[in-house]
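As C-alpha cells, the structure follows; a few thoughts come after it.
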Protein chains: 4
Amino acid sequence: MNTFGQALRVTTFGESHGEGIGCVIDGLPAGLKIDESFIESMMKRRAPGLNRFSTQRKEADRVQILSGVFQGLSTGTPIGLWIANTSSKSSDYDNIKDIFRPGHADFTYFKKYGLRDYRGGGRSSARESAARVAAGAIAKLLLQEFNIQVRSGIYSIGDVVGSEFDFEYAKNSEIYALDKHKEQAQKALIESAKNAHNSIGGVALIEASDLPPGLGEPLYHKLDGAIAEALMGLNAIKAVEIGDGILSSTQYGSEHNDEMNEQGFKTNHSGGILGGMSNGNTLRVKAHFKPTPSIFLPQESIDVNGVGQVCKIKGRHDPCVAVRGSVVAESMIALVIADMLLLHSTSQLSFLKKVYLGEL
Amino acid sequence: MNTFGQALRVTTFGESHGEGIGCVIDGLPAGLKIDESFIESMMKRRAPGLNRFSTQRKEADRVQILSGVFQGLSTGTPIGLWIANTSSKSSDYDNIKDIFRPGHADFTYFKKYGLRDYRGGGRSSARESAARVAAGAIAKLLLQEFNIQVRSGIYSIGDVVGSEFDFEYAKNSEIYALDKHKEQAQKALIESAKNAHNSIGGVALIEASDLPPGLGEPLYHKLDGAIAEALMGLNAIKAVEIGDGILSSTQYGSEHNDEMNEQGFKTNHSGGILGGMSNGNTLRVKAHFKPTPSIFLPQESIDVNGVGQVCKIKGRHDPCVAVRGSVVAESMIALVIADMLLLHSTSQLSFLKKVYLGEL
Amino acid sequence: MNTFGQALRVTTFGESHGEGIGCVIDGLPAGLKIDESFIESMMKRRAPGLNRFSTQRKEADRVQILSGVFQGLSTGTPIGLWIANTSSKSSDYDNIKDIFRPGHADFTYFKKYGLRDYRGGGRSSARESAARVAAGAIAKLLLQEFNIQVRSGIYSIGDVVGSEFDFEYAKNSEIYALDKHKEQAQKALIESAKNAHNSIGGVALIEASDLPPGLGEPLYHKLDGAIAEALMGLNAIKAVEIGDGILSSTQYGSEHNDEMNEQGFKTNHSGGILGGMSNGNTLRVKAHFKPTPSIFLPQESIDVNGVGQVCKIKGRHDPCVAVRGSVVAESMIALVIADMLLLHSTSQLSFLKKVYLGEL
Amino acid sequence: MNTFGQALRVTTFGESHGEGIGCVIDGLPAGLKIDESFIESMMKRRAPGLNRFSTQRKEADRVQILSGVFQGLSTGTPIGLWIANTSSKSSDYDNIKDIFRPGHADFTYFKKYGLRDYRGGGRSSARESAARVAAGAIAKLLLQEFNIQVRSGIYSIGDVVGSEFDFEYAKNSEIYALDKHKEQAQKALIESAKNAHNSIGGVALIEASDLPPGLGEPLYHKLDGAIAEALMGLNAIKAVEIGDGILSSTQYGSEHNDEMNEQGFKTNHSGGILGGMSNGNTLRVKAHFKPTPSIFLPQESIDVNGVGQVCKIKGRHDPCVAVRGSVVAESMIALVIADMLLLHSTSQLSFLKKVYLGEL
C-alpha cells in the first residue's frame, strides 16, 4: 500500500536512514516536457536546513531521474526518481533504539510488523515526503499545460492566525507566511517553542485555481475525498477542512449555499467542490498540523518489552512541521488534481470521440 | 469509481428516483453469520421519515440479499444487496429540471457527464447512503467477531455543542444526541431552521474501541487517510478531525504527545492513531456536516443554458443532514476498520504461518 | 476479486441456483445509447435450451437494467444489471450434495471457503457468464461507436477442425460453426458424445477488427495479457493462443516476423498484437475448451469427509461447452478492448489537449 | 500499468539502454529472511552472455537492495531493487532509429506514445525481465517458507520435443533442457538458426508443487487467469497451456476429468487447477515462445514517416528467447502463487481468528 492515485500512480520506497528515497510515477502521458530546474525549485522549498525555522539536517535532495524520460520528454513509461540520503546520523537514535517516542509511529510500526527499524523512524519518517514533492513537481508541470495553478502557504502558527492570504508573499517568506503582518509573531512563536526544546502546530492553506468543472470521480474517488485522504495521510496532519470547513456545521443552508448567476458562483463557501467534483471556483483547503512529536524535553514512555522508560530524543528536528509540510500538502493536491484530470477524460463519449475520431 | 475499500470492497449502484439502490460486497470472509435483524436495525437508524427532525419521505428500506449467503452464512462469494425505492416522487423536481440547485451536485454532474438525471439528484442523492449502511452493518458483524465496537452520535447542532458523550443515550435520542442536557436546545435549533424553510449544520462524533494495534496500511492507505476519505466523500461533510483535530495546530508538542507507561497511553490526543495505524486506544473522529443544501427559500441560480433563474425547491428534505448522516459516517468507519483488519492479517510472516502451518 | 477491468470495471455477483445473476458496470462514459434489443440478441446467442446441442435448462435470461441509464443513454454512473434465475432445479443436486464432482470446482471451493453451496455449483457455475455477456454487449455498443467489431465462432469440435472461417455463416449455425463444410461432422461428434452420456471439447476463434494501433497498457496490463486472463479465467478454457499461437514455438524468426510495407503489415502471424499492444491488424485469438465436466457416466470421487464415493451426476448440461462458451469469450474480448480504449485515451499529452483545450 | 499483483505488488521501471532496471515490491510480509545469494543465483540463471546459446551482451546484473530490508529481514515496507545497465551499446541502433523492426514493439510503442526511444527497444526490451526475476526470487523465498517449490525447463526447441522432464537435469543444462536425450538436437537447432542469422522458437514447462488447495481468487483473479496473464504478458509468448492444454479440446469428459479417491486425484489432466483454484496437485503450465524477432537477415519494413525501408538489425541477441525466458516464466509464476497465498489468507473467518484471537 505504498501507491497513491488511480490513473496517475505514485509508488514510493525508501527510509530516512537507508540509502535514500525513491518513487515511480506511472500513468504520466507521453510528451510532457520534464523541466528539471522546476523539480529542483520545488525540492528546495521542502528542503531541510534552509534556515533557523527548520531542522538542521542538511540534504542536497538532488533528484536523479532513473527512467521514463528521453530527450527531455516523458515517454509514457514509468518515471523512476531517486533522492539519495547524504546526511543521516543514525547514531542519534542509539539511546532510544528500544524506546517508543511519544507521538511517533514507533509503537504502531512495531505492533504492525513485529520488528523495528529504529533509525530516524525508518519508513515512517517525514523524509519520505521528499519523494512526494518530486512527484508533485511533475504533476504541477502537467497541470501547467492546462493552466491550473496550485499554491500554498502558512495560515496560522499556534494561535497566531493570518487574515491576509498573499501567496506571492509566502513564496519568499522563511516560514511561507501568507500574512506579512503576522509573519513576525508567527516566527517568534516557532522560535520560542524551539528555545523551550518544544515544538508548535500550525495550519497550511492550499489553493488551486482554474480547474475545469467536473473533476472528481463519484462516489468513491471524489475530489474532496481524495484530497482528504492525501492530506490526512501526511505525517502530523490531524484535521482537513474544505471551503468553510468546520464553520459549515454552524451555518444555515441560506448562509452556506453558493448562489449562482450568469457570471458564475456569487460566493465560495464550498471551497470549489460540489458533490465531490470541482465546480470551477477556486479550490480551497486547510490542513491542520500537530506539533512535531520530536521534542527535546524528557517524556515518559515504554520500551519494546513494555517496561517504563524516560525517552530523551536527540537529533535534528523541525520546531514546526507545518512550515515545510505546507509544500508537501501542496504537492499532494497537485497529484490529486492531475489524477482526476486523467480520469475525467473518459467520462463522456464525446471526449473519446475527440481523441479517436477527431470530432470536436 | 463506485467501489470503496481494498480487501473488503463495496461497489454501489442506483439512484434516488430509479428502481432502487444496490451494492456488492466483495472480499468478506466465508463463515460469517449474517444476522438480517441486525442489518434491519442499522437501516432503521438511517431510515427517513422516523420523526419530525427528518425528511418526510418514508422508505421501508428493506434489504434484500441477492447472493453470497447460504444457510445463514457468508460463502466468501460476493454479497449482493438490493434496496428498492418505494416512495420517490419525481414530480417534485419538474419545476427545476433545468435549474441547478445551489449547494447541490447538479451543476458539477452536468459538467462532468454532459447530461442530467434531474430526479432527486439521481446518483448524487444521499439516498445512496442506504447501501453504505447496509454494507456497514455487515462490516460491524465482522468486527463484532473481534470485539471491536463502532458507535456514533451528535456532538453539536449549529453552535449548540455537547460536553457529555453518552453513546448509550444517543441510541434512543430522536436526533442521536450524545449530551442529554443539550438535546433540547439542539432539537429546538433544528425545528427553528425547519420552520424558517431553512436548514442547519451539525457535527457527528464517531468512536471505535478495542482495535488491535497496527491496523492501517502505510503510507498510502493509512487508517487516518482512509477514514478521512470515507467521511469527506460523504455528501455534506466539509471537515474531518481525528483526535484533537483542529486544536492540534495550536498545541505544543509537550501538550499533544501522548506519553505511555506500563498501563498504556496516558492520554488520547492522537485519537487512537499514530503513524497512520491504530495504537489500541479509542479511535475518535469528528465529521462536520454542512446544512442540507435543499432549502425552501427562493435562491438565485442559472439553468442548463446559463440563463439566470430563481430556484424554488419542493420535495421532502432533512432540516439537518448531520442527524441521519451520523449513522452513515459510523457505517463508513466500520467498513474502513474491517478493510484494515483484513489487510493487516498478511503484514507479518508469522501471521501467515498461523494460517497455513498452524504455528502459534 | 469479482471485478474485471481497470477503466471499465465489471463486478458480478450471484449464483446458479440463487435469486439470479447480476453485474455492475462502472466507468462507462456518459452519452452512450443503450440499445436493449442488442443486449437481448447477445443474451439469446448464449442462452441455454435453444437446441439439442445445448443444455435443456431453459432460462429467459431477460436483462433488467437497475441503474445508470436515463432516457436511453448511459449517464456515467454505474449500470446495474440483473438476470433472474427462473429454471433452477436444486433437487438435481441432492444426491451429490456431499460428493465432489470430478473436473468441477466443488473440491477447491470447499477447500477455499470451508463450506459449500452444492446447488448447481453455486458461484462457480457457468451460469455466471450470463452477466459477462450482458456486460459484453454494452462493451460492444461502445466499440461500435469506434467501428470496432468483435466476432466469434467454432473453430473445431474434438478433432474435427475447420479450415474456412466464415463469421457470417457462424451466426446462423446451431453450433456457431465457422466452416460450413465441417459443421455436420462437428454436430455429429457432439451428438455422439451426448448419446454416450459423455461430453467433448472444442475450440473457439475470436477476431476483432479495426482496432486503433496502440491499445494495451505495458507492461502489466498488456492487450495480450489481459485477453489471456479474461479467457483462461473462463470455466473450461485450458489454453489460449494469440496469432500463430503454439505454432510460433516451432517457427524461425524469418517465418514468424510480419514484415511491413507502405500498405501495412504483409502478414499477420502476430495476431494483431506486438509488444502487448494492438498493431492495427486483425486481432486473432483461439480459446481451447475442455469437455464439460458434468457427464452422466459414474465416476470415482470422494465426499466432504474424504470417503470414497461413486459420483452420479443428474441435471441438464451442455454436451460441448465450447459452443455457448464462444459467445462468452467474444464478450470478454469486447470488454478487454473497451477497457483498453478508455485507458489509451490518456497515453499522450496531445490527447488530453484535444479533450480539454480543443486542440487537434 | 507497470504494476503486477494484488496483495504482493511489483512495480517495475527502467529501460534497456537507460540507467538500469528497477522494481518496488510492496506487500511482502515482515520477517522474511532476504537471502541475497539466492537472489544472485536466480539472476545468474537469467543472465545474458553465459554461453553460445545466449546473447553476447554481458551484464553483471547485480541486484542492489535500496530499501525495505533491515538486518537481513524484510521490514514490511516496500523493497526497492536496482539493477544498473553496464553493457548497453546504443550505437548498435543508430541505423534503425527511424525504422520499425519487424516482430518488435517499435511500431506499436510509436503509435501509443507518439514518440520513440529507439535504443534497444527502450522499455519494451526483454531486459526489463531482470527485475521480474529479482522479484521472483524474493517470491520464491517466501514460498519456501511454506514448502512450495517452483521449477522450470525447456520442453521443446522448434520441433524437437522432449519426452522426459527432469528438472534437476535442467538446472545444469546450458539450455535448461528437461530431456537429456533431446538436449543435443535442441542445441543443434539453436546453433543452426544462429548460424543462419535467424532465430527459433521454443516451449518452457513450469511446475509448482505442494500448493495448498484453494489458492486463486474467483472469479476474476483466478489462479489460471493470473498465470495466463503473467505469461502471455511476457515478450515473445504467444500461447499458454495449463494441464492438458490444447489437447483438452479434443478430449471427452471421461478422458479429461480427474477422478479422486481417498489418496487424492488419480490423474492430473487439469494441471493442478480446478475452478480457477489450486487443487493440491502439481501445477503444470506450458509457455510457447515465438522466435526472437531480432534476426540479422534483411527484412522489409517502413520508417516513422511510413516510407518503405530495408531493416538491417545489428546488436547482440538471443537466438532462442525461450531458454532464458523460461527463468522469467518461472519467476512470474512464483509471484502469482505468492500473491494468491497472501490473498487466500483472508478467505475464511476461521483464518482471521487464528491470526487475531490465537484460535486454532
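Structure data summary
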item: Computed Rg/Rh of the range C:72-162, alpha carbon atoms with Kirkwood Rh; result: 1.09
item: Across the identical copies, how the D:TYR169 labels are spaced - nm, sorted shortest first, 7 Å along Cα→Cβ; result: 4.6, 8.3, 8.3
item: Calculated SAXS-style log₁₀ I(q)/I(0) at q = 0.16, 0.22, 0.24 Å⁻¹ - the range C:243-341, Debye, Cα scatterers; result: -0.85, -1.17, -1.26
item: For B:LYS58, inter-copy label distances in nm, listed shortest first [label point 7 Å out on the Cα-Cβ vector]; result: 4.3, 7.6, 8.7
item: Relative exposure of D:SER125, D:SER173, B:SER41, judged by other C-beta atoms within 10 Å (fewest first); result: B:SER41, D:SER173, D:SER125
item: Calculated [θ] (222 nm, deg cm²/dmol) that DSSP helices of n ≥ 4 give over chain C, each run adding -39,500 (n - 2.57); result: -8500 deg cm²/dmol
item: Estimated FRET transfer efficiency (D:GLU36, A:VAL310; beta-carbon r; R0 51 Å; 0.05); result: 0.85
item: Cα pair distances exceeding 11 angstrom across the range C:34-79, given as percent; result: 71
item: Using alpha carbons only: equivalent-ellipsoid semi-axes of the protein assembly as shown, gyration tensor based, whole Å; result: 49, 37, 31
item: Inter-copy separations for A:SER209, label at 7 Å along Cα-Cβ, nm, ascending; result: 5.1, 5.4, 7.0
item: Ranked D:CYS320, A:CYS311, criterion: other C-beta atoms within 10 Å, fewest first; result: A:CYS311, D:CYS320
item: Calculated FRET efficiency for the pair B:ALA60/B:ASP98, C-beta based, R₀ 30 Å, to 0.05; result: 0.40
item: Ranking of C:ARG324, C:ARG123 by count of other Cβ atoms within 10 Å, fewest first; result: C:ARG324, C:ARG123
item: Under DSSP loop assignment and at most 12 Cβ neighbours within 10 Å, longest GluC sites (Glu not before Pro)-free interval of chain C; result: C:1-163
item: Per-residue ³J(HN,Hα) for the range B:212-219, Karplus 6.51 cos²θ - 1.76 cosθ + 1.60, θ = phi - 60°, Hz, x for Gly and Pro; result: x, x, x, 6, x, 10, x, 9
item: When the range C:48-104 is reduced to its Cα atoms, the Kirkwood hydrodynamic radius in Å; result: 14.8
item: Rule-of-thumb Rg ratio for chain A [Cα; 2.2 N^0.38 Å; N residues]; result: 1.03
item: Neighbour cut-off at most 11 other Cβ (10 Å), DSSP loop, chymotrypsin sites (Phe, Trp or Tyr not before Pro), the range B:133-187; result: none
item: Rotationally averaged projected area of the range B:211-261 (alpha carbon convex hull; nm²); result: 5.1
item: Low-density loop positions, trypsin sites (Lys or Arg not before Pro), the range D:19-60 - DSSP coil, at most 14 other Cβ in 10 Å; result: D:ARG52, D:LYS58
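Bear in mind these aren't lab numbers, they're just calculated from the coordinates by the rules spelled out. Note that the structure is predicted; figures quoted are calculated from it, not measured. Positions of Cβ are generated from backbone atoms using ideal geometry, with glycine treated the same way; all protein chains shown enter the neighbour counts.
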